[in-house]
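Chemist: Pasting a structure here, questions to come.
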Amino acid sequence: MRTQVGIVGAGPAGLLLSHLLHLRGIASIVLEARSRDYVEHRIRAGVLEHVVEQLLIETGVGANMQAAGLPHEGIILRFGGRDHRIDFRALTGKHVTVYSQHLLVRDLIAARLAAGGTILFEADAVSLHDIDTAQPRIRYRQAGIEHELICDVIAGCDGFHGISRPAIEPHLRIFERDYPFGWLGILADAPPSSAELVYASHDRGFALLSMRSPTVSRLYLQCAPDEDLDAWSDDRIWAELQTRFSREGGFTLQEGRITQKGITPMRSFVAEPMQHGRLFLAGDSAHIVPPTGAKGLNLAAGDVAVLARAVEAFYRRGQTALLDAYSATCLDRVWKVQRFSWWMTSMLHRFAAHGDFERRVQLAELAYVTSSAAAATSLAENYVGLKLPV
Ligand code: FAD
Ligand code: DHB
């Protein structure tokens, strides 16, 4: 088989890239190891930056998000038993939208298939070849049979555990940091207890109140990185969440049936450069952020917007300058987002190594961020999303 751009992975990065290329008249084939049903039900992120929302609307895949997404004009930082609101609308004129990643994946798959696009599900990419040539190849296995996809360009959109980044490992410099905690996340049939997301920094650890719809809550609590999920009965989870979200004057955390439970490790990771030869890494295959800033999915969208423009210049005008600059263009934004995600994580979580002094500094930082217009604006402009370099 032959195509122009071979895309490994049908997560948000791979699917959005395939869509953006199609709009520019460029053919692609997406290879996805999992089934369509699996990727359409995988529960992950939920917050879309303003710029990403605009990109989806402008490129014709925003209708369901506009109908079912929940626009949020601010967030609450809860600490010392009190609420402090960061007002995105007043500080930046922008908002974010809460819309499940798996629904976005569904929308993108539907758009690609409706446009006659090819996504091969249960097609496991096993190796990449001739990346240093003008005709790189992807070997993949589907239903026990090995096939080969010949392309001009390969996009490695296969997430943190894919094969693309390892294929160029000797050429990469890795920057990483593991955090001494994880997040235990649940989905519950309970109406959201707050109209806006609540980021709570409690002496027992961080907790986050988010939502998916008017009847479904998404909640997270800081836990040990190697936490045993079996040690967390539903009752224990609710009791811990009730404690961490407590507030002066009382706060009612609505409880309900827990329909999904999982533990997310916390990691900062960047591989540089995000390209080698004709292979371009995008999304989680190139970088991971801790989820506190709600940035993983948004970074993936930013990468592929840059890559689609560069691939277009390559085909339309035979220019490789934008492709050559792909990694540098992305990394500028990636590192700013790394900084924000690391900062939010450091400010809001309890660290076992911290003493009373560090805790007081954290609380002073939270008090500063929520009382200074300059500091609040900085948080807000990062949260709603820095502009895309396209
Ligand atoms: P992925 O979504 O990981 O997609 C990669 C795709 O490639 C997958 O479908 C995978 O099956 C496929 N693949 C892998 N290897 C191969 C292969 N060899 N051949 C073919 N296909 C392959 N971010 C937030 O901002 N907030 C959150 O709350 C949040 N929660 C998360 C919870 C979890 C459990 C995880 C893992 C991530 C979470 N993230 C969160 C991060 C966010 O979901 C990711 O940043 C986002 O999914 C990145 O998109 P991607 O397309 O780059 O990668
Ligand atoms: C969600 C996840 C995040 O990491 C975050 O910072 C905000 C919201 C969510 O899943 O809704």
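The values are calculated or read from the model by the stated rules, or taken from the named source; none is laboratory data. Since we're looking at a predicted model, the values are computed, not measured. All Cβ positions, even for glycine, are placed from backbone atoms using ideal geometry, and neighbour counts span all protein chains on display. Protein only, heavy atoms only, side chains kept; ligands, DNA and RNA dropped before computing areas. Shrake-Rupley method; radii C 1.70, N 1.55, O 1.52, S 1.80 Å.
Chemist: Any idea which of Arg339, Arg333, Arg317 is closer than 23 Å to Val61 by Cβ and not small (Gly, Ala, Ser)?
Modeler: Arg333
Chemist: Regarding Ala155, is this residue surrounded by 15 or more Cβ atoms within 10 Å (Cβ to Cβ), among the small types (Gly, Ala, Ser) and within 19 Å of the chain's Cα centre (by Cα)?
Modeler: yes
Chemist: Oh, and also: For region 329-341, check the following and say yes or no: at least one residue is closer than 25 Å to Leu221 by Cβ, modelled with pLDDT of 95 or more and in contact with a Pro (Cβ under 7 Å, 6 or more places away or on another chain).
Modeler: Yes; the residues of region 329-341 include at least one that is closer than 25 Å to Leu221 by Cβ, modelled with pLDDT of 95 or more and in contact with a Pro (Cβ under 7 Å, 6 or more places away or on another chain).
Chemist: Which of the residues belonging to region 202-259 are farther than 24 Å from Val98 by Cβ and hydrophobic (A, V, I, L, M, F, W, C)?
Modeler: If the condition is that a residue be farther than 24 Å from Val98 by Cβ and hydrophobic (A, V, I, L, M, F, W, C), then Ala224, Leu229, Ala231, Trp232, Ala239 are the ones that fit.
Chemist: Considering Ser346, Ser327, Ser378, Ser371, which residue is more than 25 Å from the chain's Cα centre (by Cα) and either under 20 Å from Leu48 (Cβ atoms) or small (Gly, Ala, Ser) (or both)?
Modeler: That would be Ser371, the only listed residue that is more than 25 Å from the chain's Cα centre (by Cα) and either under 20 Å from Leu48 (Cβ atoms) or small (Gly, Ala, Ser) (or both).
Chemist: Name the single residue that is nearest to ligand 1 (Cβ to nearest atom) among those in region 291-317 being open to solvent by 60 Å² or more (accessible area, probe 1.4 Å) and more than 25 Å from Gln101 (Cα to Cα).
Modeler: Tyr315
Chemist: Which one of these is closer than 30 Å to Ala375 by Cα, part of a loop (DSSP other than H, G, I, E, B), among the small types (Gly, Ala, Ser) and open to solvent by 10 Å² or more (accessible area, probe 1.4 Å): Ala45, Ala33, Ala90?
Modeler: Of the residues listed, the single one that is closer than 30 Å to Ala375 by Cα, part of a loop (DSSP other than H, G, I, E, B), among the small types (Gly, Ala, Ser) and open to solvent by 10 Å² or more (accessible area, probe 1.4 Å) is Ala45.
Chemist: Just name the residue that is farthest from ligand 1 (Cβ to nearest atom) out of those in region 210-234 that are closer than 17 Å to Leu187 by Cβ and of a type in the set (D, E, K, R).
Modeler: Among residues in region 210-234 that are closer than 17 Å to Leu187 by Cβ and of a type in the set (D, E, K, R), the one farthest from ligand 1 (Cβ to nearest atom) is Asp234.
Chemist: Would you be able to tell me the number of residues in region 53-72 that are within 16 Å of ligand 2 (Cβ to nearest atom), farther than 26 Å from Ile263 by Cβ and touching a residue at least 60 places away in the same chain (Cβ under 8 Å)?
Modeler: Number satisfying all stated conditions: 1.
Chemist: What number of residues within region 1-30 satisfy the criterion of being in a helix (DSSP H, G or I), near ligand 1 (Cβ under 10 Å from one of its atoms) and touching a Leu at 6+ places or on another chain (Cβ under 7 Å)?
Modeler: 4
Chemist: Only one residue in Pro170, Pro180 is more than 15 Å from ligand 1 (Cβ to nearest atom) and either assigned to a loop (DSSP other than H, G, I, E, B) or farther than 24 Å from Pro273 by Cα (or both). Which one?
Modeler: The conditions single out Pro180.
Chemist: For residues that are part of a strand (DSSP E or B) and either open to solvent by 50 Å² or more (accessible area, probe 1.4 Å) or basic (Lys, Arg) (or both), tally how many sit in region 97-141.
Modeler: The number of residues fulfilling the criteria is 7.
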